[in-house]
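Chemist: Input: one structure, supplied below.
The values are calculated or read from the model by the stated rules, or taken from the named source; none is laboratory data. Since the structure is predicted, the reported quantities are computational estimates derived from the model, not experimental observations. Ideal geometry is used to build each Cβ from the backbone, glycine not excepted, and the neighbour counts take in all protein chains shown.
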Amino acid sequence: MDAPELQAPDGRRAKALLEHLALGQAVTGEAQRSRSGRVIAFDRVIAVCRVRGRPIGELLRSVGVPEGRN
């Protein structure tokens, strides 16, 4: 999930929905390699983070958060 940056359109809404879904929950994260074999892209670690076993990106999509266009 390429979530919108905070200052982008829908950024504050995405943050609020993430807080609603994950705040106070146990979260796990696992770094993953991209197709190019890198773990870091654009100064960010590529990872899958999960809440209650479900990927956070999947949870955000299920409540209508659009993909970022950064």
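Chemist: Restricting to the range 5-25, what's the tally of residues that are closer than 20 Å to ARG54 by Cα and either touching a residue at least 24 places away in the same chain (Cβ under 8 Å) or surrounded by 10 or more Cβ atoms within 10 Å (Cβ to Cβ) (or both)?
Modeler: Result for the range 5-25: 10.
Chemist: Next question, about the same structure. Among the residues in the range 41-55, are any assigned to a loop (DSSP other than H, G, I, E, B), loosely packed, with under 13 Cβ neighbours inside 10 Å, among the hydrophobic types (A, V, I, L, M, F, W, C) and at pLDDT 90 or above?
Modeler: no
Chemist: Here is a further query. Quickly run through the range 34-66 and pick out the residues that are touching a Gly at 6+ places or on another chain (Cβ under 9 Å) and of a type outside the set (A, V, I, L, M, F, W, C).
Modeler: Within the range 34-66, just ARG50 meets the criteria.
Chemist: In the range 45-63, what count of residues is obtained for those that are among the small types (Gly, Ala, Ser) and without any contact (Cβ under 8 Å) to a residue 12 or more places away in the chain?
Modeler: Here the count works out to 2.
Chemist: Let me ask another. Any chance you could count how many residues in the range 4-25 are outside any helix (DSSP H, G or I) and touching a helix residue (DSSP H, G or I) at 6+ places or on another chain (Cβ under 9 Å)?
Modeler: Count: 4.
Chemist: To continue, here is another question. Any idea how many residues of the range 56-66 are exposed (fewer than 14 other Cβ atoms within 10 Å of the Cβ), at negative phi and not in a helix (DSSP H, G or I)?
Modeler: The total comes to 1.
Chemist: Pairs, please: C-beta under 7 Å, at least 6 apart or cross-chain, first residue assigned to a strand (DSSP E or B) and loosely packed, with under 10 Cβ neighbours inside 10 Å and in the range 26-37, second aromatic (Phe, Trp, Tyr) and at pLDDT 85 or above?
Modeler: none
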